[in-house]
1. Could you please find all residues in segment 111-126 being out of contact with any Cys (no Cβ under 8 Å at 6 or more places or on another chain) and crowded, with 19+ Cβ neighbours inside 10 Å?
2. Just for segment 266-275: of the residues that are part of a helix (DSSP H, G or I) and surrounded by 15 or more Cβ atoms within 10 Å (Cβ to Cβ), which one is modelled with the highest pLDDT?
3. Could you run through segment 55-70 and say how many residues are surrounded by fewer than 22 Cβ atoms within 10 Å (Cβ to Cβ) and under 29 Å from residue 174 (Cα atoms)?
4. Among the residues in segment 228-243, are any closer than 26 Å to residue 161 by Cβ and part of a loop (DSSP other than H, G, I, E, B)?
5. Mind checking which residues of segment 197-222 are in contact (Cβ under 8 Å) with a residue 24 or more places away in the chain, assigned to a strand (DSSP E or B) and under 17 Å from residue 284 (Cα atoms)?
6. Taking segment 107-133 only, how many residues are under 14 Å from residue 171 (Cα atoms) and over 18 Å from the mean Cα position of the chain (by Cα)?
7. Given segment 75-173, what helices (runs of 4 or more DSSP H) lie entirely inside it while holding 3 or more residues that are closer than 26 Å to residue 279 by Cβ?
Amino acid sequence: MDKAKDSPVTGYESHEKSGLYDRLIAYSHSDYVPFHMPGHKRQAGRGSLPAALPWGIDITEIEGFDNLHHAEGILKEGMDRAALLYGSRRAFFSVGGSTAGVLSAVFAAAFPGDTVLMGRNCHKSVYHAVLLRGLKPLYIYPRRDPDTGIALCYDPMDIREIADRHPEIRAVILTSPTYEGVVSDIGTISAILHRRNIPLIVDEAHGAHLSGKNRPWGFPCGAVAQGADVVIQSLHKTLPSLTQTGLVHLCSRRIEEDELSRYMGMFQTSSPSYILMASIDSCIRFLCSDEGTLAMQVFYDRVKNLREVLKKYTRIRLLELSGAEPSKLVVKAEGMSGRELYELFLDKYHIQAEMCTDSYLLLMTGMFDTDEMYDRLYLAFQETEDYLCCRERKENDADREMNGRGNTGSEQAPSVCDCPAVCPHQVMIPAEADKMEMEEIPLAQSAHRISGEYAYQYPPGIPLLVPGEEIDEEILQKLMEDERRGLHIQGLKNHDGSYIRVVRQ
């Protein structure tokens, strides 16, 4: 899955003497509109949020500004405010994104050698936690959309069956919502696991905007309100907060508070950025205010109206995924690949999407989207619909002329699956594989060898292969086909995807 390429675009070309800062400033003055994270959408000074976060406020732990790792003053007040807003027992600021929270939660929940049940479509940070902690992973597959292969929700009955067959499970880790916005029934899943005294960790990186116990904003209920034990959120993905900011919520006593706090101290820098923490605090204060509550409600109403308008198009389709919350727009165009649609929106309309696959485009809306941004999106949909209808008529006329019959339709780009249909055979746990002697061989010759590294598409970072798993023919063909389509595989030491590290025979 592809992000935007690092290529010059008119209006903010890089120069030899220009640095990252200069390019960012130039880009901020361009007319490109962000339908992607972060959630503040580069709208400085909106509402009561600070207009700028200058160098002059970049400090360390000095008198009067508290210490993140031993918070007793202003930072503790901010974290208490976040816990009250979402309805958790305790909230932790994260300046390491959701990754630091995921690592901390998994380490606090399980000991080396323990078994954990995890969604196969979990983010790579969960896999890294399992490897580093020396855990034995069991996998559960979410349902999949038959049209696109997109991962949908988890079936609570599948989780109950696995938990009954494996009483040794120490913890369960799931993703909800997914990258495409699909929300699982965390309430039912939590109840099933809690009857067995198994804690549930939810990676809610894409769900900080979901409704909570104390904030009925219209969006589906988030994992805190549904009874999960630890919930990890990336504020910057869907809310007005700087990139790399997040929250970790402890919601029960099934995972020790002191342990979670201890690991948060280990997996975050000992010199946390006060600019990032100010961004978290400002975001939470804004959400707690009447102004923020109104802005969130307006966001929900606007995106619902947007979806209703976009539903009228038939050639460029807004996909209605089962269980999805409304803020993510998953778009598919007839006879166009996701990459072609991505480039059309970018080049012609200056709409920067969040990401694309070979079959669909993902746009992220937010509470700071402007009327101009929505107008640009409406125009892109309308003109793309008109273009595709016109092209179809021309193709039908050509078919009738050549074959005496109507065209059977343009060939769709093959769909991409977030995760394989069948889990590769686990020969050894990731931590064991990580200690083995490796060799690097051509990917094309790796069938039936044991993988020594991860292979995943980013975004969303869901591994197709995990260290210790056998590389079967199906997975190998998918890796090679994805590489051929330009959906570059990450995680491999060999960046062009032609070689892979395997356990030495």
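1. 116, 117, 118, 119, 122, 123, 124, 125, 126 - these are the residues of segment 111-126 that are out of contact with any Cys (no Cβ under 8 Å at 6 or more places or on another chain) and crowded, with 19+ Cβ neighbours inside 10 Å.
2. 267
3. 1
4. yes
5. 212, 215
6. So the count comes out to 13.
7. Ranges flagged: 97-109, 124-133.
Yes/no per residue for (1) under 19 Å from residue 484 (Cα atoms); (2) modelled with pLDDT under 95; (3) of a type outside the set (A, V, I, L, M, F, W, C):
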| position | (1), (2), (3) |
| --- | --- |
| 423 | no, yes, no |
| 431 | no, no, no |
| 437 | no, no, yes |
| 440 | no, no, yes |
| 455 | yes, yes, no |
| 459 | yes, yes, yes |
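The values are calculated or read from the model by the stated rules, or taken from the named source; none is laboratory data. Just so it is clear, the model here is predicted, and its values are computed rather than measured. Reconstructed Cβ throughout: ideal geometry from the backbone, glycine too, with neighbour counts over all protein chains shown.
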